[in-house]
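See below for the structure under consideration.
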Amino acid sequence: MESRDVVVVGGGVSGLSFAWNAARAGRKVLVLEGSERLGGCLDSRRTAAGYWYELGAHTCYNSYAGLLEIIEATGLRDRIVPRGDARKRFAFLRDGAIDMLGPISVLLRFDKGELLRNVFRGMRASKDGATTCGWYSGVVGKRNYSRILAPFLSAVPSQNVDSFPAAGPGSLFKKRARRKDVVKSFTLDGGLASVASAVAAVPGIETLTGAVVREVRRNGAGFAVHLADGRSFEAPVVSVAVPPSMAAAQLRADFPDLASELARIGMAATESVGVVVRRDRLKLPEMAFLVPAEDIFWSAVTRDPVPDPGWRAFAFHFRTGRTEEERLGRIAALLQVARSDFEEVTRRMTLLPSPVLGHDRVVGELDRMLSGSRLALTGNYFDGLAIEDCVQRSRAEWARVAAPS
Ligand SMILES: Cc1cc2nc3c(=O)[nH]c(=O)nc-3n(C[C@H](O)[C@H](O)[C@H](O)COP(=O)(O)OP(=O)(O)OC[C@H]3O[C@@H](n4cnc5c(N)ncnc54)[C@H](O)[C@@H]3O)c2cc1C
């Protein structure tokens with residue numbers, strides 16, 4: 001069996017940032033990625049004409065201190081591109097009509113009487129122990145929540161967020177310190193997957209794609225990682241950085257308690273379709289994203305905040321269970337173009353966690369079980385979904401397993 005100092009299972013931003021921390025500490029790291037592409041939800045695509053767009057994550061903020069450290073250390077600082085004016089515009093699709101909005105005008109769509117009756121008391125209520133539906137309904141009123149706020153909040157993780165915790169692990173929003181020397185909201189020239197390629201090129205990091213991990217077993221004082229194709233690797237430190245349902249399957253044999261705790265975390269699937277269209281074919285105004293009140297998709301995210309003279313791109317995040325015909329037909333109808341106007345159509349399937357009240361206890365239990373072990377668990381199901389949550393979790397896990405025992 002080949003051995004390494006550290007083996008990382010999963011080549012998304014959680015696994016790669018873990019690998020980066022380990023390599024920076026001088027370790028030889030192997031990252032095993034099951035698909036043919038590194039990055040996971042950092043999924044930037046490029047057309048034959050060189051135009052790039054995002055099928056997954058699209059926006060970073062100057063509060064992403066951990067990610068910025070990696071961006072700077074891997075020489076990507078010059079590739080930071082501020083998100084332009086279109087970031088402030090978005091559309092609400094209701095009763096078949098597109099309503100163009102901004103951060104202020106969206107407030108005018110709320111029923112003002114209901115808002116005023118609730119907002120002052122609601123804002124003072126504690127978020128602790130509250131669901132997203134419970135707390136935000138308390139602030140804007142129940143009808144305002146279900147008519148307007150819920151579709152926008154659900155657009156963030158492409159699933160119904162009513163039962164998400166309003167605060168703490170698994171909640172949608174976090175307050176973080178901002179860096180004044182970086183623009184508030186940015187992407188990278190070439191797309192956010194540039195981070196994945198840059199980390200993969202760091203000395204000490206070796207990556208294998210198409211390497212589907214079947215299980216992680218105990219192996220003396222360390223671990224053995226077994227691939228579906230029969231290959232195996234051993235290491236004193238292993239970091240599992242795949243969605244929790246998959247981590248549970250990989251750990252079931254030798255870590256049954258961890259596996260059953262991981263299996264408590266619900267998951268939601270989204271089917272995303274990206275389309276690229278020539279700019280002159282489209283009448284739709286530039287906007288950052290479009291959210292429907294009720295439709296077969298949760299949201300559509302555009303590349304308009306980084307405009308291109310020739311092209312526009314849209315990533316539609318669909319509910320599951322629809323046919324390709326239905327999805328492409330819906331996109332063409334909304335963009336008011338013929339399907340032959342799609343210069344490129346790309347697809348991805350995503351599994352995201354669906355945290356509910358009590359998620360903090362699940363995370364606490366996982367951390368308790370990991371304590372004293374050199375097995376690391378990282379991902380977007382600890383603090384939250386944001387890229388920075390993943391990077392911070394990986395940094396903390398590396399610090400834990402690297403500490404002398
Ligand atoms: C559409 C979308 C838009 C988003 N937008 C933003 C945004 O704008 N800003 C932001 O901060 N966050 C955003 N997020 C959230 C953020 O991108 C993700 O939470 C984060 O990238 C997840 O990283 P991860 O490494 O934990 O998981 P993943 O990215 O899911 O990576 C896990 C990796 O493990 C691999 N894997 C799975 N099973 C195996 C196996 N058996 N063997 C080997 N490898 C395996 C997968 O192929 C994958 O590459 C968005 C997410 C989505 C889906």
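For this structure, a couple of remarks:
- Euclidean distance of C-alpha centroids, the range 236-285 and the range 216-232, integer Å: 22
- Against the chain, whose longest principal axis is taken from its Cα atoms, helix 112-124 shows a tilt of about 30°.
- Note that the range 19-169 presents 46 Å² accessible area per residue, ligands and nucleic acids not counted, probe 1.4 Å.
- Listed by chain and number, the lysines whose C-alpha is less than 25 Å from the C-alpha of Lys127, apart from same-chain residues fewer than 8 away, are Lys112, Lys142, Lys174, Lys175.
- Charge dipole magnitude, Cβ of K and R +1, D and E -1 - the range 178-248, Cα centre, debye nearest 20: 360
- Largest GNM mean-square fluctuation across Phe255, Phe314, Phe289, computed for the chain with C-alpha springs under 10 Å, falls on Phe255.
- Helices in the chain, meaning DSSP H runs of at least 4 residues, each add -39500 (n - 2.57). Divided by all residues, the mean residue ellipticity at 222 nm is -8000 deg cm²/dmol.
- Surface share of carbon and sulfur [accessible, 1.4 angstrom probe, percent] for the range 267-354: 50
- Accessible surface ranking that places the most exposed of Met123, Met287 first, with a 1.4 angstrom probe: Met123, Met287
- Residue order for Arg322, Arg45 - accessible surface, 1.4 angstrom probe, largest first: Arg322, Arg45
- Per residue, in Å², the accessible surface of the range 292-405 once ligands and nucleic acids are set aside, probe 1.4 Å: 42
- Using alpha-carbon coordinates, inclination of helix 13-24 to the longest axis of the chain, degrees: 40
- Taking every alpha-carbon pair within the chain, the share separated by more than 28 Å comes to 50 percent.
- Each Lys and Arg contributes +1 and each Asp and Glu -1, all at the Cβ; summed about the Cα centre of the range 1-55, the dipole is approximately 180 debye.
- Once the C-beta distance of Asp367 and Asp85 is scaled by a Förster radius of 35 Å, the resulting FRET efficiency is 0.25 to the nearest 0.05.
- Simple Cβ-charge dipole of the range 267-354, Lys/Arg +1 and Asp/Glu -1, about Cα centre, in debye nearest 20: 40
- Folded to 0 to 90 degrees: helix 324-335 orientation relative to the chain principal axis, Cα: 50
- Look at where the Cα atoms of the range 1-50 and of the range 117-132 average out, and the two centres are 40 Å apart.
The values are calculated or read from the model by the stated rules, or taken from the named source; none is laboratory data. Every value quoted in this text rests on a predicted model; they were computed, and no experiment measured them. FYI the Cβ positions are ideal-geometry reconstructions off the backbone, even for glycines, and counts take in every protein chain you see. Keep in mind that these areas ignore ligands, DNA and RNA; they rest on the heavy atoms of the full protein, side chains included. Shrake-Rupley method; radii C 1.70, N 1.55, O 1.52, S 1.80 Å.
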